[in-house]
Amino acid sequence: MSTKSTAKKNTKSKTSWNKQEVLNDYKLANVSRQISLLGRKEVLTGKAKFGIFGDGKEIAQIAMAKQYKDGDWRSGYYRDQTFMMAAGLFTAEEFFAQLYGETDIELNPGNGGRSFNNHFSTRSLSPDGQWKNLMKQKNSSADISPTAGQMARWVGLAYASKLFRNVEVMQEFKTLSDKGNEVAFGTIGDASTSEGQFWEAINAVGVLQVPAAIAVWDDGYGISVPKKFQTTKGNISEVLKGFERTKDKPGIVILKGKGWDYPGLIKLFEEGVEIARKEHVPVLFHIDEITQPQGHSTSGSHERYKSEERLKWEEEFDGIGKTREWILKEKIATEKELDKIEQEAIDEAKAAKKAAWKKFKDPVKAERDKLIEIIDNRSCVCKREGIDKVGMYTEELKKIMSPIRKDIFSTAKKILRHVCLDCNIREKLQNDLSEWLERNYEDNYDRYNTKLNNEYPTSALNVSEVKSDIKPDSPEVAGREILRDNFDYLFNKYPKMVAFGEDLGNIGGVNQTYQGLQEKYGELRVTDTGIREQTILGQGIGLALRGLRPIAEIQYFDYLLYALQTLSDDLATTHYRTAGGQVAPVIISTRGHRLEGIWHSGSPLSMVINSIRGVYVCVPRNMTQAAGFYNTLMEGEDPALVIEPLNGYRLKEKRPENIGEYKIPLGVPEILNEGNDITLVTYGSCVRIAQDAVEQLKEFNISVELIDVQTLLPFDRKHIITDSIKKTNKVVFFDEDVPGGATAFMMQKVLEDQRAYYYLDAEPRTVTATEHRPAYTSDGDYFSNPNAEDVFEAIYAMMNEVNPKKYPELY
Ligand SMILES: Cc1ncc(C[n+]2csc(CCOP(=O)(O)OP(=O)(O)O)c2C)c(N)n1
Ligand SMILES: [Mg+2]
């Protein structure tokens, strides 16, 4: 019997039981338990680094998985191994592969060795980056370790069903949805419900009324801390009562079950999930009395914090033991039959472990053998100060019982250093070693360093530039109208596109960039949300994972901090942690820079770019450029942040004739003013200030080459800035982030990555804001943020340094 798929049939509420199905479930529960037990040993004996397992939760997860259908989605956490196995998405062998850190995605498709064990996902993309038919598989979004981090995305996964059911133009996407009949399954531990993420998501699904079914696996503890310290009244379903659906008020259906009650749980999940699926209502299952036979993880033992009494209770109420009792009581099988199944489970678990270990280790050993062969075949013995270090390192490597790649690779590098330089027969050894290193470097790069961003043909970096068509007589309009007309065009062009955020729907956005579009495209495509930045983003991530094209608006850049955890931990790592199996091309649209006051004028770009690698960051200087980025991003498939310049909505710009169609390439700076004396690099709202400074400097015969970087991630892919420095030999980086912020980032990119250092005649400078956040009023802004005079002075001082005669000190 396969351990993979025991939950195919939809079990009806039973009075009589299908013996085979019950026994299959029993077997699966046992296999799952056995791999957990073996898994802990694998860590404690040093074969794996860390382990976290699903023991104690087997029965409840088997019951839940029976309702998990093709097209459905999951957003869960590290306890769900049995759920994934019951769904046919995870095998015992894969369990061990994950535990060891297997990087072959054939053997570990869930995370390719990039996450801890029991961090699952399914692959939505085929190896060429094309979307698979998501309706022909059960789907799981990729788990992350931060507790409750799965909640925001879960909202979006469920919300997609609402759109697919109710938006007419979306009905044609049959490989993504069947009229929105898909349920988003969630799981969370009892202690993690203490997180704000949980409460924001629960409120959101209650408001949105979406098919979201979540189980709280309540084992009474968050590591060692019991639930009386986690939850008011120590009871999550009780405190959630105010959210509960009533006869006349929509809300959340709340159901309760016991973690050891196999027949009861099957019925509970069958009824609950049916409500979610049919009525599009969120359902929460509070599954209490669940155990944790091995404690939290391999990092500790639960005897340290659980009382004797609790430990005894856990043994007595173990779900598998209780199910055995029930099977016998119902006379579904005999003791002998169950004993046999239990033994089979032990054998299967052991076999899975052995197979996974062999597949994990053999290629590594082969790499070592190849290296040793190179050394053993050398024709000279290189000695330094009488010692054959090459031989010594090789012997040490031979002695390692279970080498890992780090051992082999670092030995190879050390050996290469000691191949002597003064004998003429060393060359072959050196060449063979270098070749080995290069080959293994590439393989390891592929294993661990690729796929931060979409590397498939669908990458936004492959979108071809289409220049904006601006004629001398093109009309001048307010910037916000360009965005509005551009969005209008995009809604028409892309039926999968939706936009949502605070005040975005009914009034068309705080800056009227969606004016009139809700009327035209409906409330579900142009939509108001509550004030809940994290789940606005989560809504976007979930939709994008399901193949839709969301623009999730965060009203002001300063408030992106509320969503930063999800942005950094979840969205930015999606493609990387699935080793290219999933992509979430959500566009996060926000507005920033230079209004007034501490929370409305920030440009914390370094905060963003240093925590969201994996998401592109566009910093347009005006609305024409912003629209061009939206057009590019909609054509590609990458997540991206677009920061519209807040003070530009009412400024006049010439409206391009090809609105909606022109596209600005990512990572290509634009030279806005050609000059010979100095290169000035900036972006966003600072461009206008820089232009002012450039004019002021002209009066003093200083010719500035002004460059707008346009996107910070990716950054200047063509090294346009260095080409400019080759001409001017001087550079200033200017923005309104903190000192050492995004200007330092740009400087590192240009001086180190692009090697512009070699072309400099003067010390490079940065012009930035002060360290505190900008104060209120225009004066507060002037004295907190950099202004045109600051830029003038920095540049003039550099010119003075280089040529004091021509540019004498002014004052
Ligand atoms: C944000 C965050 N804080 C702390 C941790 C460390 N941590 C990992 S699991 C855990 C306890 C979770 O308990 P619970 O939600 O009840 O799930 P259980 O492990 O009991 O199934 C903690 C504190 C984390 N992973 N993420
Ligand atoms: Mg717990």
For segment 589-695: rounded, prolate or oblate by the Cα gyration tensor [a/c cutoff 1.5]: rounded
- prompt: Of 64, 135, 497, 85, how do they rank once you tally other Cβ atoms within 10 Å and put the fewest first?
  reply: 135, 497, 85, 64
field: 734, 491 arranged by Cβ crowding within 10 Å, fewest neighbours leading
entry: 491, 734
query: So what is the calculated 222 nm ellipticity per residue for the chain, using -39500 (n - 2.57) for each DSSP H run with n of 4 or more, over all residues, to the nearest 500 deg cm²/dmol?
result: -12000 deg cm²/dmol
message: Can you classify segment 194-267 as rounded, prolate or oblate using the Cα gyration tensor, where a ≥ b ≥ c are the square roots of its eigenvalues, rounded means a/c under 1.5, and otherwise it's prolate if a/b beats b/c and oblate if not?
response: oblate
message: Quick check on the exposure proxy: order 683, 78 from fewest to most C-beta atoms within 10 angstrom.
response: 78, 683
- request: Enumerate by residue number the trypsin sites (Lys or Arg not before Pro) in segment 661-756 meeting two conditions: DSSP loop (anything except H, G, I, E, B), and at most 13 other Cβ atoms within 10 Å of the site's Cβ.
  value: 717, 718, 755
- line: If each part is reduced to its alpha-carbon centroid, segment 172-245 and segment 701-717 end up apart, in Å, by 46
For segment 142-160 and segment 743-811, distance of Cα centres in Å: 43
message: Taking a ≥ b ≥ c as the square roots of the Cα gyration tensor eigenvalues, with a/c under 1.5 meaning rounded and otherwise prolate when a/b beats b/c, else oblate, which class fits the chain?
response: oblate
message: Run through segment 72-106 and list the GluC sites (Glu not before Pro) located in a DSSP loop whose Cβ has at most 10 other Cβ atoms within 10 Å.
response: 106
- prompt: Which whole-Hz ³J(HN,Hα) couplings does segment 107-116 yield from phi under the Karplus relation 6.51 cos²θ - 1.76 cosθ + 1.60, θ = phi - 60°, glycine and proline marked x?
  reply: 8, 9, x, x, 8, x, x, 8, 10, 4
- prompt: How many angstrom lie between the C-alpha centres of segment 16-75 and segment 352-420?
  reply: 39
- prompt: What ³J(HN,Hα) values, in whole Hz, does the Karplus curve 6.51 cos²θ - 1.76 cosθ + 1.60 give for segment 150-155 when θ = phi - 60°, with x put for Gly and Pro?
  reply: 7, 6, 5, 5, 4, 4
query: Which loop chymotrypsin sites (Phe, Trp or Tyr not before Pro) in segment 372-463, with loop taken from DSSP, have no more than 10 other Cβ atoms within 10 angstrom of their Cβ?
result: none
message: With a cut-off of 8 Å between alpha carbons and a minimum separation of six or more residues, what is the relative contact order of the chain in percent?
response: 11
query: Counting Lys and Arg as +1 and Asp and Glu as -1, each charge on the Cβ, what is the dipole of the chain about the Cα centre in debye, to the nearest 20?
result: 2720
query: Relative contact order (percent) for segment 702-811, with alpha-carbon contacts under 8 angstrom and 6 or more residues of separation?
result: 23
query: Which ³J(HN,Hα) values in Hz, rounded to whole numbers, follow from the phi angles of segment 687-698 under the Karplus curve 6.51 cos²θ - 1.76 cosθ + 1.60, where θ = phi - 60° and Gly and Pro get x?
result: 4, 5, 5, 4, 4, 4, 4, 4, 5, 4, 6, 4
- prompt: Tell me, what is the percent relative contact order of segment 354-460, built from C-alpha pairs under 8 Å that lie six or more residues apart?
  reply: 27
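The numbers here are math on the coordinates, done by the rules we state, and not lab data. All of these numbers come straight from a predicted model, not from anything done at the bench. With ideal geometry, Cβ positions are generated from the backbone for all residues, glycine too; neighbour counts draw on all protein chains shown.
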